[in-house]
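See below for the structure under consideration.
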Amino acid sequence: MFSSRSIASAFALALALSFTIAEEPLAAQSAQSASQDTARKKGTMQMPMNMPMGKEAQKKATTPKTTKANMPGMQHHSADDMMIGPVGVSMERMGSGTTWIPDAVTLPSRRRMLGDWMIMAHGFIFAQYDKQSGERGDDQFGSLNWGMLMATHDFAGGRFQARTMLSLDPLTVTERGYPLLLQTGESYGGQPLHDRQHPHDFWMELGALYQREITRTLAWSVYAAPSGEPALGPVAFMHRPSAMDNPAAPLTHHWQDATHVSFGVITGGIYSRKWQLETSVFNGREPDDNRWNFDPIKLDSYSGRVTVNPNAHWSLAGGYGYLKSPEALNPDESMHRVTASVLHGARLGTDGQWASTFIWGANKHSTQPGWSNGFLAESEAILDKHNTLFGRTEIVQKSAGDLVIDNPVTLRNGAVLPGFPASQRFNVGALQLGYIRELGRSHWATIGLGAAGTLNFVPAALEPYYGSRNPTGLFVFLRMRPFHTGRSSTRMDDMGEMQMKHD
């Protein structure tokens, strides 16, 4: 059995190598710049190879059999060519699992070709001080982090992608997680977690995706993962452009996107350029306390989701799922979940983007009456190369059992408060604002100094338990991630919209 330290060291090395490997070679960039300069001097307009301007051009760009790069004696695909998948859907539309984000915004990444394989790397590292106030507050120095590596190759008339996403959270914020007031979900040491966010598993994702065209406007896909995300909730928070630079998980996480780490997932779908219909079978059980291993893989739950991207700026999705025995502490309890999300994105100049999200999620436990609801609205504006603003507001119905106040509670001063019935629900909420200032940039990443403050809201009945109606939270952090490359030829909204109109 590998030790935590050896796993951590291997992961850190792999993350560094992945960013280095995925950085576009400087020679290729220089050649591209020289080509563009030559075209300008000649007074000509040189169109990117991967920007199809109609159905015929799209077919040539996305169908391996007719792509010149695949013909004997011709040059290989470029990384930009490989970003355009079946029916012309860009890989940059991909969020977490098989979710979609708006075409107008991107998740920062680096990519390059290794032979006929396109390698893409994502990753975020936060080093933070977390201070949560009040009777149930705590503080912690730690690091939230994840790294993702994807390898894509044309295969059997379609597109194959292997992917993995890893996190050292269990080591850097401990297996108990980090302090976060009003947060609930999962367990540690046989007790339900409360006012803390659980760490992500080391194996956040390990899976494969295959996509292939049926016609020039319709394709099918299959996604299989020992650890992955079923077609149920919205884009997971760390992959949402509206939340990617925010270190804190939403309070509504277990009402909306908590299934993004499920040990056993098979998803099948059909899609066009504007819509996607998917269904999944997956493991409904939340990950266990051992965050370093693979949990037993089961396919005991099911879900379905429909996604519509009407244009480059919007992505709308709705999903339903049945989760069998999601919590180990309540093995006889099953749950139904319904979610709906609206994502919007737009560019800000040549170096920025503005992304916003609204999500509603609802759970119905088999042992409790009615549905409990959670609402979230969040936004992030990358103003330029140096400044980022983000914020989030949410309200969610949590039970006394969720908040672990269903039994008498002993305060720090020794006073004992009575508990509430386990099924009694309370409306709790939070308002958060944050800012990041970029300190420096390497050839592949940017480092920013940030802070985020949270004002929480609890009803009067819970004030004695939290010491205030408005306990507060604070994150101060350094964040490292790949930087946005500005306006890319593969992400030109105007060209994309012209192509949709032409089709």
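The values are calculated or read from the model by the stated rules, or taken from the named source; none is laboratory data. The structure presented is a predicted model; accordingly, all values stated were derived computationally and were not measured. Please note: Cβ atoms are built from the backbone with ideal geometry, for glycine as well, and neighbour counts cover all protein chains shown. Surface areas here come from the heavy atoms of the whole protein model, side chains and all, with no ligands, DNA or RNA. Shrake-Rupley method; radii C 1.70, N 1.55, O 1.52, S 1.80 Å.
Computed quantities for the displayed model
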item	result
Stretch gain in nm, segment Ala328-Thr410, where the contour uses 0.36 nm per residue and the Cα spacing is subtracted	27.0 nm
Sulfur and carbon atoms: percent of accessible area, segment 169-225 [1.4 Å]	59
Ranked order, Glu278, Glu213 - accessible area, probe 1.4 Å, largest first	Glu213, Glu278
R0 of 51 Å, Cβ-Cβ distance Arg212-Thr367: FRET efficiency to nearest 0.05	0.75
Surrounding net charge for Leu316, when Lys and Arg each add one and Asp and Glu each subtract one, Cβ distance under 13 Å	+2
Test item: Cα-centred dipole of segment 74-230, Lys/Arg +1 and Asp/Glu -1 on Cβ, debye	360
Relative packing of 445-453, 289-297, 406-414, 170-178, which averages over residues the other C-beta atoms within 10 Å, highest first	170-178, 445-453, 289-297, 406-414
Exposure of Trp314 as accessible area (Å², to 10), given a probe of 1.4 Å and all protein chains	100
Within straight-line cross-link reach of Lys324, aspartates and glutamates at Cα separation under 13 Å, skipping those fewer than 8 residues along the same chain	Glu286, Asp300, Asp332, Glu333
Area of Tyr322 that stays accessible when all protein chains are in place (1.4 Å probe, Å², to 10)	50
FRET efficiency, Thr350 to Val308 (Cβ-Cβ, R0 25 Å, nearest 0.05)	0.30
Sorted peptide list for 248-257, 365-374, criterion being average Cβ within 10 angstrom, highest first	248-257, 365-374
Within the accessible area of segment 419-474 (1.4 Å probe), percent carbon and sulfur	64
